[in-house]
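Trainee: Okay, here's the structure, questions in a sec.
The values are calculated or read from the model by the stated rules, or taken from the named source; none is laboratory data. For clarity, every value in this text was computed on a predicted model and none was experimentally measured. Virtual Cβ from ideal backbone geometry, glycine too; neighbours counted across all protein chains shown. Note: areas computed on protein heavy atoms with side chains; ligands, DNA, RNA excluded. Shrake-Rupley method; radii C 1.70, N 1.55, O 1.52, S 1.80 Å.
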Amino acid sequence: MRAGFPDFRLGNVLATSFTGTLSERHGNAVERIPTPHRLVDWLAVSGLAVDSCTAAQLGLARELRESIHAAATAAAIQEALPASAVQVINDCSAQGRAAAILTPEGKRRWQLGSASCVEDALSVIAADAISIIAGERDGRLALCASPTCRAAFFDTSQSRTRKWCDMNTCGNRQKKARFNASHRTNPGSAQ
């Protein structure tokens, strides 16, 4: 990974992990793909390695990211999907030349077009977003309970009651805030 950039917050679901490249959307936003090279890094750790990325392709990636976030948020709160977001997701899905490949271990891996271009990788992300927003996978879309985050995530927990996009960041931050608040109001309770 390139030094000087915030760590990636990788999840188990490609599309919502991609939306997590911009975190703390309602607080001090953290952009995790600020440069084309950083998008190349994220795609590589996500199994979608590409050769290079231009500023225009980074712009397209960010547009897709925000469209997925808008559509996933609407789906999570059971509102109508924004037409413009749906159009961007569909356009990106249709543009790529990626194929699902079955490995000898019985796993799915994506094979990008021969040029390994960003548009191929974005088509995989868009297709993943379509499958979760359309309800084709076992789980539910939810929004992070952190008031500064509100990231869309795909909850595959058994009870489907997960509250935070990431327990190690948002969840711990919220639990620590509750703990500190309770000890400010009851300073003698820790003894």
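Trainee: Using each residue's phi in segment 11-21, evaluate 6.51 cos²θ - 1.76 cosθ + 1.60 at θ = phi - 60° and report the 3J(HN,Hα) Karplus result to the nearest Hz, with x for Gly and Pro.
Mentor: Whole-Hz 3J(HN,Hα) from phi for segment 11-21: x, 8, 10, 3, 5, 6, 4, 5, 5, x, 6.
Trainee: Also, I was wondering about something else. Show me the ranking of peptides 31-43, 63-75, 97-109 by mean Cβ neighbours inside 10 Å, starting with the highest. Kindly include the intermediate steps, with their values, before the conclusion.
Mentor: Numbers: 31-43: 19.1, 63-75: 21.5, 97-109: 9.8.
So the order, starting with the most tightly packed, is 63-75, 31-43, 97-109.
Trainee: Can you give the convex hull volume of the alpha carbon atoms of segment 1-156 per residue, in Å³? Mind showing how you got there, number by number?
Mentor: Details: hull volume 18.4 nm³, N = 156.
Considering the Cα atoms of segment 1-156, their hull volume per residue is 118 Å³.
Trainee: Along segment 31-41, what does the Karplus equation 6.51 cos²θ - 1.76 cosθ + 1.60 (θ = phi - 60°) give for ³J(HN,Hα), rounded to whole Hz, x for Gly and Pro?
Mentor: Coupling constants for segment 31-41: 8, 9, 10, x, 10, x, 4, 5, 5, 4, 4 Hz.
Trainee: Just to check I understand the Karplus step: with θ = phi - 60° and J = 6.51 cos²θ - 1.76 cosθ + 1.60, what whole-Hz values come out for segment 86-94, glycine and proline as x?
Mentor: Running phi through 6.51 cos²θ - 1.76 cosθ + 1.60 with θ = phi - 60° gives 4, 4, 4, 4, 5, 4, 5, 4, 6 Hz.
Trainee: Please go through segment 77-165 and write out the chymotrypsin sites (Phe, Trp or Tyr not before Pro) that DSSP classes as loop and that have at most 13 other C-beta atoms within 10 Å. Can you show the working numbers first?
Mentor: Values: sites: 110, 153, 154, 164; in loops: 164.
Hits after loop and neighbour filter: nothing returned.
Trainee: So, by mean Cβ neighbours within 10 angstrom, what's the order for 140-149, 17-26, 121-130 with the highest one leading?
Mentor: Final packing ranking: 121-130, 17-26, 140-149.
Trainee: Still on this structure: Note down the net charge around residue 88, summing +1 for each Lys or Arg and -1 for each Asp or Glu among other residues with Cβ under 11 Å from its Cβ.
Mentor: Values: positive: 62, 65; negative: 63, 66, 91.
Local net charge: -1.
Trainee: Using heavy-atom solvent-accessible surface (probe 1.4 Å) with all chains present, what is the largest-first order of 112, 81? Let's see the in-between values first.
Mentor: On the way: 112 25, 81 75 Å².
From most accessible down to least: 81, 112.
Trainee: What residues qualify as long-range amide H neighbours of residue 32, i.e. H under 5 Å apart, gap of 5 or more or another chain, H built at 1.01 Å from N?
Mentor: Residues meeting the criterion, in which the H sits 1.01 Å from N, are 22, 23.
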